[in-house]
1. What list of ³J(HN,Hα) couplings, whole Hz, do you get for the range 17-34 from phi and the Karplus terms 6.51, -1.76, 1.60, once you set θ to phi - 60° and write x for glycine and proline?
2. Explain nothing, just compute: Karplus ³J(HN,Hα) = 6.51 cos²θ - 1.76 cosθ + 1.60, θ = phi - 60°, for every residue of the range 52-57 in order, whole Hz, x for Gly and Pro.
3. Return the whole-Å distance between the Cα centroid of the range 73-96 and the Cα centroid of the range 1-63.
4. Among Ala43, Ile84, Ala95, pick out the residue whose Cα is farthest towards the positive end of the charge dipole of the chain, where Lys and Arg carry +1 and Asp and Glu carry -1 on C-beta, about the Cα centre.
5. Under the √(5λ) rule applied to the eigenvalues of the Cα gyration tensor, what semi-axes describe the equivalent ellipsoid of the chain? Give them in Å, descending.
6. What residues qualify as long-range amide H neighbours of Arg78, i.e. H under 5 Å apart, gap of 5 or more or another chain, H built at 1.01 Å from N?
7. How many nm is it between the label spots at Ile103 and Arg90, if each spot is 7 Å from the Cα in line with the beta carbon?
8. Hull surface divided by four, with the convex hull built on the Cα atoms of the range 28-69: how many nm²?
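Rule-based calculations on the coordinates, nothing more; no lab input. Keep in mind the model is a prediction, meaning the values are calculated, not measured. Backbone-built Cβ (ideal geometry, glycine too); neighbour counts: all protein chains shown.
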Amino acid sequence: MNSILIIAVAASICTAIAGILHLTSLPSPNTNMTILFLVGGIAQIFWVIPTIKRWGKTWDYIGIAGTLAFIIIWLITRMPDNPITGRAGRIGETAIIIEIFQIAFIVLLGILISKKTVSPTAKV
């Protein structure tokens, strides 16, 4: 198995786990959170397909941007007096695990993009 496929599978596993964990947080006490976790969780699970099938850099960049948005929302909502909720949210174990998998997904996709840029003839 080539390194690009191994990295793609690892990235897919990371986003799938994050998506599943988001879906296990449903229903949330807040309707907006429920919608965010439902849509985001489904999107993260869907992202397994373009990542493994290597649909291209555009899909990778969209995956990175969406995951970064999730991370940024989480960070903002943990700050005291934040503009979204007005108070700092708690930092639970599941949330930390989700963030780790999301960061790993971003790093792995970045590696895939750089490998594709360095070696455009690499077999995928």
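1. So the J values, rounded to whole Hz, are 5, 4, x, 5, 5, 5, 5, 6, 7, 8, x, 8, x, 10, 4, 5, 5, 4.
2. Result, rounded to whole Hz: 6, 7, 6, 5, x, 4.
3. Rounded to whole Å, the Cα centres lie 21 Å apart.
4. Result: Ala43, furthest along the dipole toward the positive end.
5. The three semi-axes for the chain are 30, 14, 12 Å.
6. So Arg78 has HN proximity to Gly89.
7. It works out to 2.2 nm between the two label points.
8. Convex hull of Cα atoms, orientation-averaged projection: 2.9 nm².
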